[in-house]
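First the structure, in the form of structure tokens, and then the observations on it.
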Amino acid sequence: MSFGFDAFAMPLAALAAVLLDRLLGETRRWHPLVGFGNLATALETKLNQRSLLTGVAAWLISVAPWVALAFWLRPIAPFAIDVVLLYFALGAQSLCEHAAAIAKPLQEGRLDEARQRVGWIVSRETAQLDASGVAKAGVESVLENGNDAIFGTLFWFALLGGPGALLFRLANTLDAMWGYRTERFNLFGRFAARFDDALNWLPARLTALTYALLGETRRAFNCWRIQAPGWDSPNAGPVMAAGAGSLGIALGGAAIYHGHEEIRPPLGQGPAPVAADLYRAITLVKRSLWLWLSILFIITGAWHA
């Protein structure tokens, strides 16, 4: 039995976007998500009246026009538009590069540099972290952002093509910018946080499942079942608990956010992470990405058989 190009257009577009991301990485200038972030900041400054209604309005103004434009343009050149949108939405290469840039100075004893590097990808305060704290923050970010920047994006791409990937990444970006329980964002950012939770619910659990299958599977499932319910985020909990269990390390614990110490539930099981565990987390994410692509091809072939 033979299949035409059209039958495999979706997985081929996904593969092309992943390869572009691997070869080119994140664009250094004029990245669309950076421009979107600047727009979101300007809108928040203008519209934030610390109310739920203005938060919903700002979210719609920020996201809806771009997603509508993507759906409108897609029929013109579906494959090309899917590849371009997914390439800009994916953050696999960037995530791996940022993590490696933390691990290298950490391994070489340059703690101040490692603290600075990890501060670029986490929202907690990093100036006082010891080596284990830097490694922990880095691994947590790799595992969680593996879902946010890669697998959630791929999930919605598989369902809705490039516009779906765009919708997910814009919604996730607004959650990262506005989804805080502070006085400024508690009401204004609530819709952004809840909408992202809804979009992420199933992808996060598929990501957790993938992490579990590609490592210490039994321990990963046990950590997911026991530890994830205690985590504030309904989606980050399963992802990080399964990932930590898969890697056989201990995450969670105390962290300082916005000047306040938070005691977070434990995640995983094993010793505290070290620099080498950052590379192991990168490898887990990369292997998960290729597994997802393989499954997308398999499902597409079965569907058209």
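Brief remarks on what is shown
- Flag if Q128 is more than 11 Å from the chain's Cα centre (by Cα), surrounded by fewer than 24 Cβ atoms within 10 Å (Cβ to Cβ) and assigned to a helix (DSSP H, G or I): no
- Looking at E125, E144, E108, E97, just one residue is without any contact (Cβ under 8 Å) to a residue 12 or more places away in the chain and of a type in the set (D, E, K, R), and that residue is E108.
- If you go through the stretch 49-62 and keep only what is over 12 Å from R190 (Cα atoms) and touching a residue at least 40 places away in the same chain (Cβ under 8 Å), you end up with Q49, S62.
- A99 farther than 24 Å from R280 by Cα and either crowded, with 18+ Cβ neighbours inside 10 Å or of a type outside the set (D, E, K, R) (or both): no
- The stretch 63-77, subset in contact with a helix residue (DSSP H, G or I) (Cβ under 7 Å, 6 or more places away or on another chain) and surrounded by fewer than 20 Cβ atoms within 10 Å (Cβ to Cβ), residue nearest to E44 (Cα to Cα): W66
- One residue from F195, F188, F168 being surrounded by 22 or more Cβ atoms within 10 Å (Cβ to Cβ), assigned to a helix (DSSP H, G or I) and not charged (D, E, K, R): F168
- Test: residue in the stretch 147-156 that is within 23 Å of L23 (Cβ to Cβ), of a type in the set (A, V, I, L, M) and either at pLDDT 95 or above or in contact with a strand residue (DSSP E or B) (Cβ under 9 Å, 6 or more places away or on another chain) (or both): yes
- Hits in the stretch 265-275 - residues which are within 21 Å of the chain's Cα centre (by Cα) and surrounded by fewer than 19 Cβ atoms within 10 Å (Cβ to Cβ): P265, P266
- Checking each residue in the stretch 15-41 for being over 19 Å from the mean Cα position of the chain (by Cα) and crowded, with 17+ Cβ neighbours inside 10 Å picks out only A16.
- If you filter the stretch 98-116 down to residues that are charged (D, E, K, R) and not in a helix (DSSP H, G or I), you find that the one that is farthest from Y279 (Cα to Cα) is R110.
- Scanning the stretch 192-241 for residues that are of a type outside the set (A, V, I, L, M, F, W, C), touching a Gly at 6+ places or on another chain (Cβ under 7 Å) and touching a residue at least 60 places away in the same chain (Cβ under 8 Å) yields T207, Y211.
- The condition of being touching a Cys at 6+ places or on another chain (Cβ under 7 Å), modelled with pLDDT of 95 or more and either assigned to a strand (DSSP E or B) or under 30 Å from G55 (Cβ atoms) (or both) holds for A241.
- Within the stretch 2-48, being modelled with pLDDT of 90 or more and among the polar types (S, T, N, Q) holds for N38, T41, T45, N48.
- Against the conditions (1) under 17 Å from V134 (Cα atoms); (2) in a helix (DSSP H, G or I); (3) of a type outside the set (K, R), A255 satisfies every one except (2).
The values are calculated or read from the model by the stated rules, or taken from the named source; none is laboratory data. All figures in this text were calculated on a predicted structure; none of them were measured in a lab. Here the Cβ is made from the backbone with ideal geometry for all residues, glycine too, and neighbour counts use every protein chain on show.
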